[in-house]
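The values are calculated or read from the model by the stated rules, or taken from the named source; none is laboratory data. Nothing here was measured: the structure is a model prediction, and the numbers come from that model. Every residue, glycine as well, gets a Cβ built from its backbone with ideal geometry; the counts of neighbours run over all protein chains shown. Accessible surface is based on the protein model in full, side chains and every heavy atom, while ligands, DNA and RNA are left aside. Shrake-Rupley method; radii C 1.70, N 1.55, O 1.52, S 1.80 Å.
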Amino acid sequence: PRVCVVGSGPAGFYTAQHILKHHGGAYVDIYEKLPIPFGLVRFGVAPDHPEVKNVINTFTQTARSERCSYYGNVTVGRDVTVPELQRAYHAVVLSYGAEDNRVLGIPGENLSGVYSAREFVGWYNGLPENRDLKPDLSCETALILGHGNVALDIARILLTPLQLLRKTDITDNSLAALACSKVKRVWLAGRRGPLQVAFTIKELREMINLPGARAVLNPADFTGLENAVKDAPRPRKRLTELMIKTALEKPGEKPVEVQAVAAQSPREWGLKFQRSPQEVLPTPDGRRVRGIRMALTRLEGSGDSAKAIPTGDVEELECGLVLSSIGYRSLPLDPAVPFDTKQGIIPNSSGRVEGVPGLYCSGWVKRGPTGVIITTMNDSFDTAQSVLEDLQGGVLDMSPSREGFGAVESILRSRGVRPVSFSDWEKIDAAEVARGQAAGKPREKIVDPAEMLRLIGH
């Protein structure tokens, strides 16, 4: 059987890995629109979290299997359609993730100084489409809308001392911009309360221990929560206890050297709860952001299902930088593929696309843009299992006339598209690592696709 996977992020690679491991005769081809693989492992994971990127080693082993091929620089839906892939392969798995962000839907969100978390993270992680972002970091106060791990990542990158960032694979360009940054205060605002935050304890602890930055949590936000959290699941209980401890900590309780650092660089960050953005406020010339008006909310219900209802009260917060971290969004890929625009997913059952035999999906486009790499791994194994069952159960047309890449290659050639192989990527990888060594960092990412293609003689 010939199987094709669209997208080379964690979902694509884990799907391929599972099929190759459990079917000794299957061949898997992975298509990717960028010349370079690994999706959000490369472009989403924070530069100061190198250990999370170790999964790249596993993906590299998969890509080097003699039954696996990688074709970068191929945009499915444009360079080759999904029906064309279906004619060339016995099974096609869509694992192309979420390439857009959810919008706030409020006045002023298009003002200069307002960015989505997705583009800001893409900018400091070297995602080609965001390389020219040039975010304005000339203000003292930044506001991040959202209480997830991505929001904490951004706050940490904005406040981390430069000498620590210099040792990471953050791009040269963003390092230079952060070196001139005036931002010294970062607020993270969410519509709901401390019991509904979506970040995890590891990320929170890292933020609390960030050198030279002080956590500002209001003790009043946590009144009575010790009791409320008694019966909560252990991760939620520990997370809440850490926030309470941080909120109640007196300035004198920190070690002396931490206090000394805090005194000389008064950077700070804090969490604001039960605030829903209503309008981004412009400067007098109407061009830039000067602040945000937020509705105060009260919670109806409890736990994860609690809803934020506006109370009628509002408050204004001065800030010159707004980053909206309210989630990613998948987009439809090809008119031939069913798509639920409301939920932003491909309708499916265990990864089998509804009404289209032989078509599957995995990852964020299957279940929505939530969860970490391990969630995506389990989800992709689940889809791969569906593919294997259908291959073995005779559900799929196994007529031998499927040529796989042989058929696709002639289509691409007729359209002037030249794919990039995995060994081409390894040349780009080696060049990045060499440039990084010269600068004392793990790699210096190449952010321009044209430069990548020149490097491999394309």
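Observations
- Shape analysis of region 350-434 based on the Cα gyration tensor places the equivalent ellipsoid semi-axes at 28, 24, 12 Å, largest first.
- Computed [θ] at 222 nm, deg cm²/dmol, the chain (DSSP H ≥ 4; -39,500 (n - 2.57); rounded to nearest 500): -10000 deg cm²/dmol
- Whole-percent carbon and sulfur share, accessible surface of the chain, 1.4 Å: 51
- This structure gives Rg and Dmax of the Cα atoms in Å, computed directly, and of (i) 23.7, 75; (ii) 22.7, 73; (iii) 23.0, 91 that value is listed as (i).
- Euclidean distance between Cα centres, region 71-94 to region 281-352, Å: 32
- Rg over Rh, two decimals, region 84-174 (C-alpha only, Kirkwood Rh): 1.09
- Per residue, the chain exposes 45 Å² of solvent-accessible protein surface, assessed with a 1.4 angstrom probe and all protein chains in place.
- Calculated FRET efficiency for the pair residue 227/residue 129, C-beta based, R₀ 35 Å, to 0.05: 0.15
- Extending 7 Å from Cα along the Cβ direction at residue 220 and again at residue 164 yields two label points whose distance is 3.1 nm.
- Amide hydrogen neighbours beyond the local backbone of residue 353, cut-off 5 Å, H modeled: 359, 360, 361
- Residues residue 315 and residue 61, FRET efficiency given R0 of 60 Å [Cβ-Cβ distance, rounded to 0.05]: 0.70
- Label-to-label distance for residue 172 and residue 245 is 4.3 nm, based on points extended 7 Å past Cα in the beta-carbon direction.
- Set of region 93-107 residues, backbone N closer than 16 Å to the point 7 Å along the Cα-Cβ line of residue 202: none
- Of the peptides 416-423, 231-238, 43-50, the order by per-residue mean of other Cβ atoms within 10 Å, starting with the highest, comes out as 43-50, 416-423, 231-238.
- Degrees between helix 149-159 axis and first principal axis of the chain (Cα, 0 to 90, nearest 10): 60
- Counting only Cα atoms, the size of region 103-324 along its three principal axes is 48, 44, 30 Å, in decreasing order.
- Low-density loop cleavage sites - trypsin sites (Lys or Arg not before Pro) in region 319-427, where at most 15 other Cβ are within 10 Å (DSSP): 342, 415
- Label reach from residue 341 (point 7 Å along Cα→C-beta): in region 88-129, amide nitrogens under 19 Å belong to 98-106.
- Relative compactness, region 1-124, computed as alpha-carbon Rg over 2.2 N^0.38 Å: 1.23
- Ordering of 93-99, 218-224, 406-412, 276-282 by packing is 93-99, 276-282, 406-412, 218-224, highest average first (other Cβ atoms within 10 Å, averaged per residue).
- In region 203-232, the trypsin sites (Lys or Arg not before Pro) that fall in loop regions by DSSP, at most 13 other Cβ within 10 Å: 230
- Highest mean packing first, where packing is the average number of other Cβ atoms within 10 Å per residue, the peptides 164-173, 33-42, 53-62 line up as 33-42, 164-173, 53-62.
- The chain: relative contact order as a whole-number percent, Cα under 8 Å and 6+ apart: 24
- Estimated inter-spin distance, residue 438 and residue 450, nm [label 7 Å along Cα→Cβ]: 2.1
- The calculated FRET efficiency for the pair residue 110 and residue 375, based on their C-beta separation and a Förster distance of 25 Å, comes to about 0.15.
- For residue 5, nonlocal amide neighbours, meaning residues 5 or more places apart or on other chains whose placed amide H falls under 5 Å from its own, are 29, 30, 31, 93.
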